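First the structure, in the form of structure tokens, and then the observations on it.
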Amino acid sequence: MKRLFLLSIFMLSFSSITYANNVIQEHANGQEGQLVYHIKYNYDAIYKLLGIDQKIYEQYWENGLSIAEMAEKQGIVRHDLEAHFVAFHYQEMQKWREKGAMNEHHYFDMVYRLKEEITEFIDRNPNRT
């Protein structure tokens, strides 16, 4: 009886280890569904939103202005600027979902992180001194 009990415990612990190793391997192979969400911004749309042409944008950028600072300089409130990028990301994520490249888990994970990503994008400029 004692042997049967020990054998059962051994088998249960072995199956748990095997399951854990499979889950770890799935994550390592990206099979668990790790999504790399990468989009390319349409700068023509950004120029249009800001009411400037590419040449002015590039001058502002070289002078160290972020997109948010360019918008402020053009009289665009931050909320409207952020709303533009939220709408853009929403449209892109819907395309990914329709293709099956983004499931519900990925979608809500991205929505959760979207504000931070948009803020980082519109506030950055590596040309700042």
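Near Arg128: Cβ cut-off under 13 Å, other residues only, Lys/Arg at +1 and Asp/Glu at -1. The net charge is -2. Its convex hull of Cα atoms gives the range 43-123 a direction-averaged projected area, equal to a quarter of the hull surface, of 5.6 nm².
Where a number appears in this text, it was derived from the coordinates with a stated rule and is not lab data. Since the model is a prediction, treat every value here as computed from it, not as a measurement. No Cβ is skipped: glycine too gets one built from the backbone with ideal geometry, and neighbour counts run over all protein chains shown.
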